[in-house]
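A.B. asks: What follows is a single structure, and I will ask about it in a moment.
All of the numbers you see were taken from the coordinates with simple rules; none came from a lab. Please read these numbers as outputs of a predicted model, since none were measured by experiment. When we count neighbours, we look across all protein chains shown, and the Cβ atoms used for this are built from the backbone with ideal geometry, even at glycine.
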Amino acid sequence: MNSQLIKKAKYQRRIDDKYSQCLTCERKCKILNGNAGFCQTRINIDGEIYSIVYGLIPALSFNPIEKKPFYHFYPGSTAITIGTYGCNFACFWCQNHHLSKANPLNLFQFTASEDYFTPKKLIEIALKRKCQGTSISFNEPTLLFEYSLEVFKLAKQHGLYNTYVTNGYMTEDVLRDLVDAGLDAMNIDIKGDSDMIKKYCGANVDKVWRNAKLAKNLGVHIEITTLLIQGFNSNQKIIRKLTERIVSELGELTPFHISRFFPHYKAQNYGLSEPTPLDLLYEAYKNANDVGLKYIYLGNLPINNYDNTYCPKCSKLVIKRKVFGIKELYLDSEGNCKFCGFPICII
């Protein structure tokens, strides 16, 4: 096992001579000595929990921030984007299953040295490629928690922003540490209602909402994404309740991305062989609009007129987007509408 990839978990507790508990995410796995937790990235070695993916970065790219998607955070900028292996959710539709469902323990003998990046090296690459920030994504970024802390601190020293694209299932202590280290924005994937998330992800959605509110209260920019899957979370009552919760707990100016589902991973085992019908997305958009959200976006559409930003006050176009980028921008230096001066909530 590559010792560079092993890092003692910051949050844990020993239960007895056989078990220790990981306290990184809300699964709070009780792990038998010599075994791994649900995510397969945290193992018990003689009573201590260790991450085995510290600096293990098999996925690295340079992405427009709009690809995350972040539509109200440094529009037009580029983020060095990284991910590792494993996940703490069990979603059967995962589009990055080659990473999230891989077992790091089984991959160690094949891990190439070029897949290991120190935080310092990563930031050097970001600066060399003229990135404006970092984004930990692809699989669940919480699994890179200890690594994130070091990356974020270095990024801040060089004037870079830091983002997470996440399922939002970290513990409160972990979230507070990430913010203290320099986490600026989170796109939180809320996958449906409590029944769907419990049944298909093995998680408690209230923990996700708690973290979304906490992060916002700590000054983190929040955007919400829901992948619309026909027959699973496409019931418009679910969308309406989800949208109402965004408004009541995060505010009507919170950007909400509704993305079209395409079959991935084990989707066909659940009778899903076609993308989500477009009319369901348009209906979801209407429901979200009726509830009162001001910034609603549809993603993964063939021709998309639903990814532009309009001023909630004067209704004029203020950001015209192209594929993962900005085509026209009508904002002043403070992020206000150039036509009427309304604050568009753009960082």
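A.B. asks: In Å, what Kirkwood hydrodynamic radius results for the stretch 153-205 from the alpha-carbon pair distances?
C.D. replies: Values: mean 1/r = 0.0797 Å⁻¹.
After inverting the pairwise mean of 1/r, the radius is 12.6 Å.
A.B. asks: Once fully extended, how much extra length lies between Gln4 and Lys241, figured as 0.36 nm per residue of separation less the alpha-carbon to alpha-carbon distance? Walk me through the numbers before you get to the answer.
C.D. replies: Numbers: separation 237, 0.36 × 237 = 85.32 nm, distance 4.55 nm.
Gain on stretching Gln4 to Lys241: 80.8 nm.
A.B. asks: Expressed as cubic angstrom per residue, what is the convex hull volume of the alpha carbon set of the stretch 74-202?
C.D. replies: Taking only Cα atoms, the stretch 74-202 has a hull volume of 122 Å³ per residue.
A.B. asks: With viscosity set to 0.890 mPa s and temperature to 25 °C, compute the Stokes-Einstein D of the stretch 308-347, Rh being the Kirkwood radius across alpha carbon pairs; µm²/s, no decimals.
C.D. replies: Stokes-Einstein gives a translational diffusion coefficient of 245 µm²/s.
A.B. asks: For Asp17, put the label point 7 Å out on the Cα→Cβ axis and report which residues of the stretch 36-53 keep their amide N under 19 Å from it.
C.D. replies: The answer is 44-49, whose backbone nitrogens lie closer than 19 Å to the label point.
A.B. asks: List the trypsin sites (Lys or Arg not before Pro) within the stretch 223-331 that DSSP assigns to loop and that have no more than 13 neighbouring Cβ atoms inside 10 Å.
C.D. replies: Details: sites: Lys237, Arg240, Lys241, Arg245, Arg260, Lys266, Lys286, Lys294, Lys313, Lys316, Lys320, Arg321, Lys322, Lys327; in loops: Lys266, Lys294, Lys313, Lys316.
Filter output for the stretch 223-331: Lys316.
A.B. asks: Evaluate the stretch 214-347: find the radius of gyration of its Cα atoms, find its Kirkwood radius, and give the ratio Rg to Rh. Walk me through the numbers before you get to the answer.
C.D. replies: Details: Rg = 16.0 Å, Rh = 16.0 Å.
Radius of gyration relative to Kirkwood radius: 1.00.
A.B. asks: When the Karplus curve 6.51 cos²θ - 1.76 cosθ + 1.60 is applied with θ = phi - 60°, which whole-Hz ³J(HN,Hα) does each residue of the stretch 32-44 get, with x for Gly and Pro?
C.D. replies: For the stretch 32-44, the Karplus-derived couplings read 5, 3, x, 10, 10, x, 4, 6, 6, 10, 10, 10, 9 Hz, x marking Gly and Pro.
A.B. asks: Now for a different question. Given 25 °C and 0.890 mPa s, compute D for the chain with the Stokes-Einstein relation, Rh being the Kirkwood radius over Cα pairs; round to the nearest whole µm²/s.
C.D. replies: It comes out at roughly 118 µm²/s.
A.B. asks: What's the magnitude of the charge dipole for the stretch 3-51 around its Cα centre, counting Lys and Arg as +1 and Asp and Glu as -1 at the beta-carbon? Answer in Debye, nearest 20.
C.D. replies: 180 debye
A.B. asks: Considering all projection directions equally, how large on average is the shadow of the alpha-carbon convex hull of the stretch 3-51, in square nanometres?
C.D. replies: Mean projected area for the stretch 3-51: 3.0 nm², to one decimal.
A.B. asks: In the stretch 3-51, if the dipole is taken from +1 on Lys/Arg beta carbons and -1 on Asp/Glu beta carbons about the Cα centre, which of Tyr50, Gln12, Cys25 is farthest to the positive end?
C.D. replies: Ranked along the dipole, the leading option is Cys25.
A.B. asks: Still on this structure, please answer the following. Using a 7 Å offset from the Cα along the Cα-to-Cβ direction at both Leu218 and Asn300, what is the distance between the two label points in nm, to one decimal?
C.D. replies: Reported label-point gap for Leu218 and Asn300 is 2.9 nm.
A.B. asks: Write down the percent of antiparallel bridges among all DSSP beta bridges whose residues are both part of the chain, to the nearest 5.
C.D. replies: Percent antiparallel among DSSP bridges in the chain is about 55.
A.B. asks: Let me know the charge dipole size of the chain about its Cα centre in debye, to the nearest 20, where only the beta-carbon of Lys, Arg (+1) and Asp, Glu (-1) is charged.
C.D. replies: Dipole of the chain, to the nearest 20 debye: 160 debye.
A.B. asks: Please list, in chain and number order, the residues 5+ apart from Ser259 or on another chain whose amide H is under 5 Å from its amide H, with Hs placed from the backbone.
C.D. replies: Result for Ser259 returns Thr226, Leu227, Leu228, Gly299.
A.B. asks: While we're here: Which whole-number percentage describes the relative contact order of the stretch 308-347, with Cα contacts under 8 Å and a sequence gap of 6 or more? If you can, show how the numbers build up before the last one.
C.D. replies: Working: 61 pairs, mean separation 12.3, N = 40.
Normalised by residue count, the contact order of the stretch 308-347 is 31 percent.
A.B. asks: Could I ask something else about it? For the chain, what is the relative contact order in percent, using Cα pairs closer than 8 Å and at least 6 residues apart in sequence?
C.D. replies: Relative contact order of the chain: 13 percent.
A.B. asks: While we're looking at this one, here's another question. For the chain, what is the calculated [θ] at 222 nm in deg cm²/dmol (nearest 500), taking -39500 (n - 2.57) for each run of four or more DSSP H residues and dividing by its residue count? Mind showing how you got there, number by number?
C.D. replies: On the way: 8 runs with 82 residues, N = 347.
After summing the helix terms and dividing by the residues of the chain, the value is -7000 deg cm²/dmol.
A.B. asks: A follow-up question, please. Working out 0.36 nm times the residue gap between Ser273 and Lys153, then minus their Cα-Cα distance, what length gain in nm do you get to one decimal? Kindly include the intermediate steps, with their values, before the conclusion.
C.D. replies: Numbers: separation 120, 0.36 × 120 = 43.20 nm, distance 4.35 nm.
Length gained between Ser273 and Lys153: 38.9 nm.
A.B. asks: Among Ile80, Ile258, Asn336, which residue has its Cα positioned farthest towards the positive end of the charge dipole of the chain, with +1 placed on the Cβ of Lys and Arg, -1 on the Cβ of Asp and Glu, and the dipole taken about the Cα centre?
C.D. replies: Asn336
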